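The values are calculated or read from the model by the stated rules, or taken from the named source; none is laboratory data. As the structure is a computational prediction, the values presented were derived from the model and not from experiment. Cβ coordinates were reconstructed from backbone atoms using ideal geometry, including for glycine residues, and neighbour counts include every protein chain displayed. Calculation scope for accessible area: heavy atoms of the full protein, side chains included, ligands and nucleic acids excluded. Shrake-Rupley method; radii C 1.70, N 1.55, O 1.52, S 1.80 Å.
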Amino acid sequence: MDLKAMSSTELRQLETDVQAAIQVREKEDLKAAFRAAETAVAEFGFTLEEVWSKIGNRPKPKSPPKYRNPENPSQSWTGRGRKPQWIVEAIRNGRDISELEV
């Protein structure tokens, strides 16, 4: 297939066809993965429903704080996600973030 020889209309149609094929393939792959998972848990004498009901919704452990606000010790940050405003202000005021480490 020579993409350079195709018109923009043909390329857009090809793109649409590829997206549709990807969706069909992903659905087939998910079904296959589900069947494989069912087979794997069945070897241990369980069903997928039993496994997910017991361990599927397990809460993630909370990360310990890595930084603490010296002006307000109740404010802390794990270092994940967006920086809290007190960190942004401290850096803007010339503090090094390592000074705020716990």
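Screening the stretch 68-82 for residues that are of a type in the set (Gly, Ala, Ser) and part of a loop (DSSP other than H, G, I, E, B) and picking the one that is surrounded by the fewest Cβ atoms within 10 Å (Cβ to Cβ) gives SER74. Of the residues examined, ILE91 is not one that is exposed (fewer than 10 other Cβ atoms within 10 Å of the Cβ) and in a helix (DSSP H, G or I).
On the basis of being in contact with a Leu (Cβ under 9 Å, 6 or more places away or on another chain) and either in a loop (DSSP other than H, G, I, E, B) or open to solvent by less than 100 Å² (accessible area, probe 1.4 Å) (or both), does ALA20 make the cut?
No: the conditions fail for ALA20.
Evaluate the stretch 51-67: report whether one residue or more is at pLDDT 90 or above and open to solvent by less than 80 Å² (accessible area, probe 1.4 Å). Yes, the stretch 51-67 contains a residue that is at pLDDT 90 or above and open to solvent by less than 80 Å² (accessible area, probe 1.4 Å). Restrict the check to the stretch 29-52 and report whether at least one residue is more than 25 Å from the chain's Cα centre (by Cα), among the acidic types (Asp, Glu), farther than 30 Å from ARG95 by Cα and part of a helix (DSSP H, G or I). No, every residue in the stretch 29-52 fails to be more than 25 Å from the chain's Cα centre (by Cα), among the acidic types (Asp, Glu), farther than 30 Å from ARG95 by Cα and part of a helix (DSSP H, G or I).
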